Amino acid sequence: MRVNLSITALLLSVSFSHSAIASADFSQCVSQLQLKAKQQGISQQTIDTTVANLSFIPRVIELDNQQPEFTTTFKDYYDKRVTDWRIKEGRKLYAQHGQLLRQLTTKYGVPGQYIVAFWGLETNYGSYKGNMSVLNSLATLACDPRRSEYFTQELMQALTLKERYQFADKDMVGSWAGAMGHTQFMPTNYLKYAVDGDGDGRADLWNSTADALTSAANFLQQLGWKANERWGREVQLPKNYDFAYMGSKDTKLLIDWAGLNIKQTSGKPLSTPDMQAALYVPAGHTGPAFLGYENFNVIMRWNRSEFYAIAVGKLADQINGGAGISHPLPNHPRLNREMVQQLQQKLTDEGFDVGKPDGILGRNSVTGLQAYQRKHGLIADGYPDNATFEKLGISLNKLPTP
């Protein structure tokens, strides 16, 4: 086998399953990872003492197939993350680190409440940074075919990080996906955006709060954070809103949203500066509605979940003394992937193009669902509520509520 054969091809040529990887297969994969590390300029000492001793973690594969954004309701997600304790603790830490946060706002343009909100959602303000070996987790995912190319590169970056800062293998712990430190940076982002905030000559996101918060501010600035703008706001929809415009692709100026009779939650008109916004209804028409501004998109570049972006924004608001969500959160049933696949297949059978039935309610599925709802006289919010499932002939009786 030639050394210059791509690692992805090598990994995909091995027979793997999502439930388990044979020890012989993983050993073969590790051998190829050693070749890849050598090509990437990793020292022979690190290859011999670290890469050669990487271990497979079955639990990582299990968790990779159980991401919560695909199976939880907005209420369940939000209530577990924007808690009274997290708001109270966030306010305390916002005050405690006030001087540093003000300096970061001046330098990077990111208000301190957002930095603290990210910190709170990522690791509960540093109280839980993960306890899995980053190197073993990344190796496990690199040897699984689903996203082997991505995680192989992240593993190489983690090895580079280890060598740059002389981190011990045992100290490089984090999430099952390889995210690290107070702010859960993946290795590539760690190398690109981590900053030495305390002046000790190294960027240590595990043990230095100053490094972690400074790095978060730098990362957000590099992602495109708009200084002097908020993330978005909760809004009040008119009773007859037809949901013709909804989601990240339907951006409009605030003056245009105001023209559609969308108002502040107080009932007052929207302020109408020259800002683009998109409408989000994460729990359908019976739940709250939000206008997300450009900084909402920046939050989404940190984590591609709309639920996450709203949670960050509202936690930041409340850390800074603002209000929580005013509209009650509906207690919808959870939807597992099998149920969403059934919905997608039914829509396809009805002639609505939603793409491959994959169990993930993405943009194509929402658009197809909206078209189906309009055709059948349902509220076309693209949310799979009870009425929609009933119309499609799918029973919700066996679905658990949060």
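Given an 8 Å cut-off on Cα distances and at least 6 residues of separation, report the relative contact order of the stretch 129-203 as a percent.
Answer for the stretch 129-203 is 36 percent.
Please calculate how many Å² of accessible area the chain carries per residue, with a 1.4 Å probe and no DNA, RNA or ligand atoms counted. Can you show the working numbers first?
On the way: 18510 Å² over 402 residues.
Result: 46 Å² per residue.
For LYS226, which aspartates and glutamates qualify as cross-link partners when the Cα separation must be under 17 Å and same-chain residues fewer than eight apart are set aside?
Those aspartates and glutamates meeting the cut-off are ASP274, GLU294, ASP317.
Where the convex hull is taken over the Cα atoms of the stretch 307-373, what is its projected area averaged over directions, in nm²?
Values: hull surface 22.8 nm².
Dividing the Cα hull surface by four gives the mean projection, 5.7 nm².
Of the listed pairs LYS129/LYS170; LYS75/LYS314; LYS239/LYS263; LYS239/LYS314, which have alpha-carbon separations greater than 18 Å here?
Working: LYS129/LYS170 14 Å; LYS75/LYS314 13 Å; LYS239/LYS263 12 Å; LYS239/LYS314 24 Å.
Flagged as over cut-off: LYS239/LYS314.
If Lys and Arg each add +1 and Asp and Glu each add -1, what is the summed charge of the other residues whose beta carbon sits under 13 Å from the beta carbon of GLU350?
On the way: positive: LYS346, ARG374, LYS375, LYS391; negative: ASP349, ASP353.
Summing Lys and Arg as +1 and Asp and Glu as -1 gives +2.
Once neighbouring chains are kept in place and the probe is 1.4 Å, which whole percent of the accessible area of the chain is contributed by carbon and sulfur?
Numbers: 8620 of 18510 Å².
C and S fraction of accessible area: 47 percent.
Please enumerate, by chain and number, the aspartates and glutamates with C-alpha under 15 Å from the C-alpha of LYS268, excluding those fewer than 8 residues away in the same chain.
Partners found: GLU234.
Summing Lys, Arg as +1 and Asp, Glu as -1, what charge do residues with Cβ under 15 Å from the Cβ of ASP84 carry, ASP84 excluded?
Working: positive: LYS80, ARG81, ARG86, LYS88, ARG91, LYS92, LYS314; negative: ASP79, GLU89, ASP317.
Surrounding charge for ASP84 is +4.
So for HIS97, HIS285, what's the accessible-area order with a 1.4 Å probe, most first? Spell out each step's value before the answer.
Values: HIS97 40, HIS285 70 Å².
My answer, sorted largest first, is HIS285, HIS97.
Sort 32-42, 351-361 by packing, meaning the average of other beta carbons within 10 Å per residue, with the highest value first.
Working: 32-42: 18.5, 351-361: 15.6.
Put in order of decreasing packing, that is 32-42, 351-361.
How large is the Kirkwood hydrodynamic radius of the stretch 186-286, counting all unique pairs of alpha carbons, in Å?
Numbers: mean 1/r = 0.0605 Å⁻¹.
Computed over the stretch 186-286, the radius equals 16.5 Å.
The values are calculated or read from the model by the stated rules, or taken from the named source; none is laboratory data. These numbers come from a predicted model, not from an experiment. Neighbour counts run over all protein chains shown; Cβ positions are idealised from the backbone, glycine included. Accessible surface is based on the protein model in full, side chains and every heavy atom, while ligands, DNA and RNA are left aside. Shrake-Rupley method; radii C 1.70, N 1.55, O 1.52, S 1.80 Å.
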